[in-house]
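Visitor: Right, I'll just put the structure down here and ask away after.
The values are calculated or read from the model by the stated rules, or taken from the named source; none is laboratory data. Given the structure is predicted, the values throughout are model-derived calculations rather than measurements. Note: ideal-geometry Cβ built from the backbone for every residue, glycine included; neighbour counts use all protein chains shown.
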């Protein structure tokens, strides 16, 4: 399932997202993006780069946790103890050029990633 930035903003305005993400998404809407790439990724108990092949010169990243479990985000070496938790059904926006990783305490967690530039 692909998603668009406008879909994410709609869901946030309807209250279908995590707390604290509306401001991040609204900041992103003030930017002009020339390209968007959407990727579905499975996160398990080993860290995974989001996505495995990063868009050249990306400026922002939106992650939606489509799994029933919490995933954890961070830099290389992230663990479930050190990562930022993203609960089930929550989306989070980042200004991130590269190097965002995810991990979970169990296998088979589906997430969606939108890279923007």
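Visitor: Give just the number: which of (1) more than 10 Å from residue 111 (Cα to Cα); (2) assigned to a loop (DSSP other than H, G, I, E, B) does residue 88 not satisfy?
Guide: Just one mismatch for residue 88, condition (1).
Visitor: Further question on the same structure: Please work out which one of (1) at pLDDT below 95; (2) surrounded by 15 or more Cβ atoms within 10 Å (Cβ to Cβ); (3) part of a strand (DSSP E or B) is the condition residue 17 fails and give its number.
Guide: Going through (1) at pLDDT below 95; (2) surrounded by 15 or more Cβ atoms within 10 Å (Cβ to Cβ); (3) part of a strand (DSSP E or B) one by one, residue 17 breaks only (3).
Visitor: So which residues in the range 63-117 are crowded, with 18+ Cβ neighbours inside 10 Å and in contact with a helix residue (DSSP H, G or I) (Cβ under 9 Å, 6 or more places away or on another chain), if there are any at all?
Guide: Of everything in the range 63-117, those that are crowded, with 18+ Cβ neighbours inside 10 Å and in contact with a helix residue (DSSP H, G or I) (Cβ under 9 Å, 6 or more places away or on another chain) turn out to be 64, 90, 91, 92, 93, 114, 116.
Visitor: Let me ask another. Before we move on, is residue 42 surrounded by fewer than 15 Cβ atoms within 10 Å (Cβ to Cβ), part of a strand (DSSP E or B) and modelled with pLDDT of 95 or more? Working first, answer last.
Guide: On the way: surrounded by fewer than 15 Cβ atoms within 10 Å (Cβ to Cβ): yes; part of a strand (DSSP E or B): yes; modelled with pLDDT of 95 or more: yes.
Spelling it out, residue 42 is indeed surrounded by fewer than 15 Cβ atoms within 10 Å (Cβ to Cβ), part of a strand (DSSP E or B) and modelled with pLDDT of 95 or more.
Visitor: Answer with yes or no whether residue 25 is touching a helix residue (DSSP H, G or I) at 6+ places or on another chain (Cβ under 6 Å) and either surrounded by 14 or more Cβ atoms within 10 Å (Cβ to Cβ) or at pLDDT below 90 (or both). Explain how you work it out, then say what you get.
Guide: Numbers: touching a helix residue (DSSP H, G or I) at 6+ places or on another chain (Cβ under 6 Å): yes; either surrounded by 14 or more Cβ atoms within 10 Å (Cβ to Cβ) or at pLDDT below 90 (or both): yes.
When the stated conditions are applied, residue 25 passes them.
Visitor: Tally the residues that are at pLDDT 90 or above and out of contact with any strand residue (DSSP E or B) (no Cβ under 7 Å at 6 or more places or on another chain), restricting the search to the range 79-114.
Guide: So the answer is 4.
Visitor: A further question follows. Of the residues in the range 96-117, how many are touching a residue at least 60 places away in the same chain (Cβ under 8 Å) and assigned to a strand (DSSP E or B)? Quick ask: steps written out before the conclusion?
Guide: Restricting attention to the range 96-117, the residues satisfying the condition of being touching a residue at least 60 places away in the same chain (Cβ under 8 Å) are 102-117.
Those left that are additionally assigned to a strand (DSSP E or B): 102-104, 109-116.
Residues meeting the conditions: 11.
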